[in-house]
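Inspection log for the structure reproduced underneath, given as structure tokens.
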Protein chains: 2
Amino acid sequence: MTQLQRRKIPDAAIARLPIYLQILNNLAATNVLRFSSDELAALAGVNAAKVRKDLSYLGSYGTRGVGYEVTYLIHQIKRELGLMREWNVVVVGAGNLGCALAKFDGFLSRGFPVVGIVDNDPKKIGRTTSSLTVGDVGDLKNIVRDEKVNIGVITTSSPAAQSAADALIEAGITSILNFAPVVLSTPSSVSVRNVDLGVELQILSYYEQMRIENGSKAQSAPQLNSVGAR
Amino acid sequence: MTQLQRRKIPDAAIARLPIYLQILNNLAATNVLRFSSDELAALAGVNAAKVRKDLSYLGSYGTRGVGYEVTYLIHQIKRELGLMREWNVVVVGAGNLGCALAKFDGFLSRGFPVVGIVDNDPKKIGRTTSSLTVGDVGDLKNIVRDEKVNIGVITTSSPAAQSAADALIEAGITSILNFAPVVLSTPSSVSVRNVDLGVELQILSYYEQMRIENGSKAQSAPQLNSVGAR
DNA sequence: AGGGCTTAGTGCATTAATTCACAAAGTTCA
DNA sequence: TGAACTTTGTGAATTAATGCACTAAGCCCT
């Protein structure tokens, strides 16, 4: 609770804070000054008690009878999530997806500038994509050091993903966002998050089939995306 | 348990089945015939009891003292997930990401052919990307009918995402994969899964910051990706 | 044939997450 | 000032998910 003994925010709550943040940024953009847990709950599509409990992990920043202040809460969530600074990203794998992500402004705009992209294919090395030149995966260590990279994004083919991960870890990276549909083997000191688009579709397929079989009176999928393992 | 009163597989288990499937496909490709819950657990990075429990929701398809048969289990998982057939996909939003996804063979190879891509920008309509011509979002209803589309993928900008969702729902789509960083408002009969890349990075950022503050003795992120709300 | 070994299946305890429901604290207005 | 109203913050109950540990089955070898 107090600043001193930080942490013990449940993982489930941590995963929701970015959603709240996104909504609050929208509110701030439309000059909304305050919000209640009910309002945020409606916008986020969750239960109001959950919103209050989640926000209470940050501290006691609301005012009873009034609500929460938008800008203040934005500040607190950003502080908690470590978003008071930028985190540099390197993309490994300069295929369609890798290049699309390197260009993607959603990364930069949220404080995650892509400072490098590498590949192991000589035909791709040297190409330029949106102000970045594709580097050699062998130079990863130098790139990570020189560009102060914090997070690695893997967009290689499945067979290459593990060695991409190994290279990132060898270069000192401890946070990985993996788009390859494989379970990476990494030391427990490294955080990995998997985004497997095929998995997402397969989960949708399950609930879609359920609707068809049960005459559409089946419940729908939980809005929580979850992939990966461990 | 029995075929009759289908369902009551926990959502958490459903989200893991695609991972198991992916691993089993790899095993099959290397001519492995059988596996034990221990082996699959190691490959998936989960607990063996969890594997057994998850698989038991499908039915009692293992042999004690022996294990499970790879191809048979693949079949059962595919049946359960609704993967005995193809599900057609339409992409709404022909930007970088949308086009990359339309080309992405991970969709087709897993039984989700992209049969159409649309946009609302006249400058993009008519362009061709990997054998698909960008259509007008206004024609969505016809496309969904003619191409028998089952799943809509939203890769528009945030402001356009809700109207894209409305158009998909209006066209009769009940499963949506949303890449725009907004919480879509949809009837509960529609399944939505959100993939918000910014959110994933922000979650990584939290655990990364934790490691920095706590001198790297902090635990790392859960491998479960979770985004979205509701 | 039978003992030892392996591994699935599962009841049960534990832990995590969610939701309820209410007291505490503040606002507003007469 | 104080009564009515609003909304937070949080114990406690509930529900969901996890993981242990044991039983039931089948294989293999002598």
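Taking Cα centre as origin and charging only the Cβ of basic (Lys, Arg, +1) and acidic (Asp, Glu, -1) residues, the dipole magnitude of segment A:88-195 rounds to 220 debye.
With label points set 7 Å from Cα along Cα→Cβ, the inter-copy distances at residue A:185 are 5.0 nm, sorted shortest first.
For chain A, what does the relative contact order come out to in percent, with C-alpha contacts under 8 Å and a separation of six or more?
Working: 318 pairs, mean separation 27.6, N = 230.
Over chain A, the number comes to 12 percent.
By the helix-only formula, in which each DSSP H run with n ≥ 4 contributes -39500 (n - 2.57) and the sum is divided by residues, chain B has a 222 nm mean residue ellipticity of -13000 deg cm²/dmol. If R0 is taken as 41 Å, the Cβ-Cβ distance between residue A:36 and residue B:109 corresponds to a FRET efficiency of 0.30. Note on residue B:53 and residue A:166: the model spin-label points, each 7 Å out from Cα along the C-beta direction, lie 3.4 nm apart. Note on chain A: GNM, Cα springs under 10 Å; of A:203, A:117, A:143, the largest mean-square fluctuation is that of A:203. Among the listed pairs B:8/B:50; A:53/B:53; A:50/A:78; A:78/B:123; A:103/B:103; A:148/B:103, those with a Cα-Cα distance over 26 Å are A:53/B:53; A:78/B:123; A:148/B:103.
Per the rotation superposing chains B and A, the chain B residue found at the smallest beta carbon distance from the axis is B:100, 2, distance in Å. Computed over neighbours whose Cβ is under 11 Å from that of residue B:177, the net charge equals 0, Lys and Arg +1, Asp and Glu -1.
Coordinate-derived values only; no laboratory data. Keep in mind that what you see is a predicted model, and the values were worked out from it rather than measured. Backbone-built Cβ (ideal geometry, glycine too); neighbour counts: all protein chains shown.
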